[in-house]
Amino acid sequence: MKQITEPPEHAPRRRWLGVLARASRAELEAAKGLIEQRLGPVDMPRFLRRPEIGMAMVRGRAGGDGAAFNLGEMTVTRCTLQFSDGRLGCAYLAGRRLEESVLVALIDGLLQDRRHGAALADDVIEPLAEALAARRNQRLAKSQPTKVEFFTMVRGDGRP
Amino acid sequence: MYVAVKGGEKAIAGAHRLLAEERRGDPAVPEISLDQIEQQLSFAVDRVMSEGSLYDPELAALAIKQARGDLVEAVFLLRAYRTTLPRFADSLPIDTADMAVRRRVSAIFKDLPGGQMLGPTFDYTLRLLDFSLMAEGKPADIEVPMSASDPMPADAPAQMPRVTDLLVADGILAAETDDGERPADITRIPLSFPADRATRLQALARGDEGFLLGLGYSTQRGYGRSHPFAGEIRMGDVAVELQPEELPFPIEIGDIELTECQMVNQYKGDAENPPQFTRGYGLAFGQGERKAMAMALVDRALRAEELGEVATSPAQDAEFVLSHCDNLEASGFVQHLKLPHYVDFQAELSTLRALRAAHAKRAEAAE
């Protein structure tokens, strides 16, 4: 995941949305379960935006760091929930993941809880972030043995 | 001229039934699943996503299954599907310097920071048919390169700088410039000429790999020579960030796999600017190395005018390249020749008959 440097007041939410977007359905169900253990049963907030599938245009940059261009689209699922106190729970996920988008929006809203949110975020998000980092490292580790160790042959034909 | 012709409905229904039967093949052979296509035919999936211009491995696998492995037909299916979806947002430009790199090679520097990693490549394979893959039910001896519990080596860099960034820092490669303008989008406003670089890159990114490969090859053989070096090729996962309407900040929505190619090409300089290498760029969904390389060659060729070169070859002609690189359009126009042209042909036929009659008369008169 990218280092998040700004803006500081949004940093925790930005981080947890990035982690939740990459979590599996089972992980999200477990996270919701953990939150319910703490807060008691959660009433389903109302849908401000029902889960829907659409696309995002992925942009690249010429030469990697030049002017932006449109590379192609990707499927995206989004969902927005409105809690009774006005809080919004929001989900934008890569791919077509309707059920997951509801879970992410719900968890996002619950983690914004004034009283318990901060502690919940630590307990819910950190294990998910660790699992995510482990999966990523496992994928990267497989390429490590393909790293090239160059050595240079010294030309020698017996002459001094 | 097209005239409505009726009467083929039964035949068409029959053809569709036959197509479905042939798609399934021998019922005694197990049906192929989308998971199998996605996992075991991943290059086909990646190509269909790139040229279909929609990143969704599962849908690409479905398109391949439905198209019986005809990848251009699968591209058509994916493009048709994308027209049914709303576009929620444009992503922030992805940052390939931040890629979780699984393959990275450079043909210009042996020892580059972060090192070279071959990754899962066909390069250096012997290209001999591997009959062990024919053995059914016996899992092939896969040597697992590193067990899942092995930690990443401590010296594995989290980020790998792009080789081109190092060259630019040295001043020997032309830096890219960003005017911050919103890039043109050929899915919203059709291609027109002259086309700026963002437009060209979008068209090339969804262009047919075979067509671009041939054009890239033509530049190497002398038709618009640009003396390319593969500065860097990298493949891996990149985070996609977008700015939702509901939030005051952008968020990451997941990762996609990309292949990037940076070509470093012959140098340019003038009275004001000292000579510098020039560059061509390729980017493809998934593991699309051949495509990314071909795209980079053609991108560089299409910069001829901007770099003050005389454009004399097909690969340097933007109108020629961009108008013909889309395999959906090309396939559609070529295949439309199968549609009834009965009236056109009757017109041609009567003209030809009249000409032949006149010819015969003249020949008779000459005798």
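Report the FRET efficiency, 1/(1 + (r/R0)^6), for B:Thr84 and B:Lys10, where r is their Cβ-Cβ distance and R0 is 41 Å, rounded to 0.05. Could the numbers behind the result be given before it?
Values: r = 29 Å, r/R0 = 0.71.
E(calc), rounded to 0.05, equals 0.90.
Between rounded, prolate and oblate, where does chain B land on the alpha carbon gyration tensor, with a ≥ b ≥ c its root eigenvalues, rounded for a/c under 1.5, else prolate if a/b exceeds b/c?
On the way: a/c = 1.91, a/b = 1.32, b/c = 1.45.
Judged from the Cα gyration tensor, chain B comes out oblate (a/c at least 1.5, b/c at or above a/b).
Running a GNM on chain A with Cα contacts under 10 Å, which residue among A:Ala23, A:Ala67, A:Ala131 ends up with the highest mean-square fluctuation?
A:Ala67
Rounded, prolate or oblate: pick one for the stretch B:10-82, where a ≥ b ≥ c are the square roots of the eigenvalues of its C-alpha gyration tensor, a/c under 1.5 means rounded, and failing that, prolate if a/b is larger than b/c, else oblate. Working shown, then result.
Working: a/c = 2.89, a/b = 1.36, b/c = 2.13.
In terms of gyration-tensor shape, oblate.
Compute the distance from the alpha-carbon center of the stretch A:70-132 to that of the stretch B:8-43, in whole Å.
One Cα centre to the other: 39 Å.
What does the charge dipole of chain A about its Cα centre add up to, to the nearest 20 debye, if the Cβ of each Lys and Arg holds +1 and the Cβ of each Asp and Glu holds -1? Provide the component values of the computation, followed by the final result.
Values: 26 positive and 20 negative charges, 107 e Å.
In debye, rounded to 20, chain A gives about 520.
Among B:Thr83, B:Ala365, B:Gln335, flag the residue with its Cα farthest along the positive direction of the charge dipole of chain B, charges on Cβ as +1 for Lys/Arg and -1 for Asp/Glu.
Positive-end residue among those listed: B:Ala365.
Work out from phi, with θ = phi - 60° and the Karplus expression 6.51 cos²θ - 1.76 cosθ + 1.60, the ³J(HN,Hα) of each residue of the stretch B:286-298, listed in order in whole Hz, and give x for Gly and Pro.
x, 9, x, 5, 4, 5, 4, 5, 4, 4, 5, 5, 6
Can you tell me the length gained on complete extension of the stretch B:Ser132 to B:Ile108, counting 0.36 nm per residue apart and subtracting the Cα distance?
So the extension gain works out to 5.0 nm.
How big is the protein assembly as shown on each of its three principal axes, counting only the C-alpha atoms and giving the largest first in Å?
For the protein assembly as shown, the Cα spread along each principal axis is 109, 84, 57 Å.
Looking at chain B as a GNM with Cα springs under 10 Å, which of B:His227, B:His324, B:His16 has the largest mean-square fluctuation?
B:His16
I need the phi-derived Karplus couplings for the stretch B:12-20: 6.51 cos²θ - 1.76 cosθ + 1.60, θ = phi - 60°, integer Hz, Gly and Pro marked x.
Karplus-based 3J(HN,Hα) across the stretch B:12-20 equals 5, 4, x, 5, 5, 5, 5, 4, 4 Hz.
If each residue of separation counts as 0.36 nm, what is the full-extension length gain between A:Ser84 and A:Val42 once their alpha-carbon separation is subtracted?
Answer, rounded to one decimal: 14.0 nm.
Would you please give the residues with an amide H less than 5 Å from that of B:Arg102, counting only those at least 5 places away or on a separate chain, with H modeled from the backbone geometry?
B:Met235, B:Gly236, B:Asp237
Assuming 0.36 nm per residue, please report the length gained on full extension of the stretch B:Ala20 to B:Phe193 beyond their Cα-Cα distance. Please report the intermediate quantities before stating the final value.
Values: separation 173, 0.36 × 173 = 62.28 nm, distance 4.23 nm.
Between B:Ala20 and B:Phe193, full extension yields an extra 58.0 nm.
What is the antiparallel percent of DSSP beta bridges lying wholly in the protein assembly as shown, to the nearest 5?
Values: 51 of 57 bridges.
Bridges in the protein assembly as shown that DSSP calls antiparallel: roughly 90 percent.
Would you please give the residues with an amide H less than 5 Å from that of B:Leu92, counting only those at least 5 places away or on a separate chain, with H modeled from the backbone geometry?
B:Glu241, B:Leu242, B:Gln243
Do the sum for the protein assembly as shown: with -39,500 (n - 2.57) for every DSSP H run of n ≥ 4, divided by all residues, what is the mean residue ellipticity at 222 nm, to the nearest 500 deg cm²/dmol? Mind dumping the intermediate values first?
Working: 16 runs with 204 residues, N = 527.
Helices in the protein assembly as shown give a 222 nm mean residue ellipticity of -12000 deg cm²/dmol.
Could you give each residue of the stretch B:315-325 its phi-based ³J(HN,Hα) in whole Hz, using Karplus coefficients 6.51, -1.76, 1.60 with θ = phi - 60°, and x for Gly or Pro?
Working through the residues one at a time gives 5, 9, 9, 4, 5, 5, 5, 6, 6, 10, 8 Hz.
Just to be sure I understand: of the beta bridges DSSP finds with both ends in chain B, what percent are antiparallel, rounded to 5? Mind dumping the intermediate values first?
On the way: 30 of 31 bridges.
In chain B, DSSP labels about 95 percent of beta bridges as antiparallel.
Between B:Arg225, B:Arg162, B:Arg188, which gets the highest mean-square fluctuation from a Gaussian network model of chain B, Cα cutoff 10 Å?
Taking springs between Cα atoms under 10 Å, the residue moving most is B:Arg188.
D for the stretch B:152-302, whole µm²/s, Stokes-Einstein with Kirkwood Rh over alpha-carbon pairs at 4 °C and 1.567 mPa s: what number? Could the numbers behind the result be given before it?
Numbers: Rh = 17.3 Å.
Calculated translational D: 75 µm²/s.
Using the Cα centre as the reference, give the magnitude of the dipole from point charges on the C-beta atoms of chain B (Lys, Arg: +1; Asp, Glu: -1; all else neutral), rounded to the nearest 20 debye.
So the magnitude is around 1720 debye.
B:Tyr267 to B:Glu367: FRET efficiency via 1/(1 + (r/R0)^6), r the Cβ-Cβ distance, R0 56 Å, to the nearest 0.05?
Working: r = 71 Å, r/R0 = 1.26.
Here the calculated transfer efficiency is 0.20.
Please list, ordered by chain and number, the residues whose modelled amide H lies under 5 Å from the amide H of A:Phe69; skip anything fewer than 5 residues away on the same chain.
A:Gly60, A:Arg61, A:Ala62
All of the numbers you see were taken from the coordinates with simple rules; none came from a lab. Model, not experiment: these values are computed from the prediction. Cβ coordinates were reconstructed from backbone atoms using ideal geometry, including for glycine residues, and neighbour counts include every protein chain displayed.
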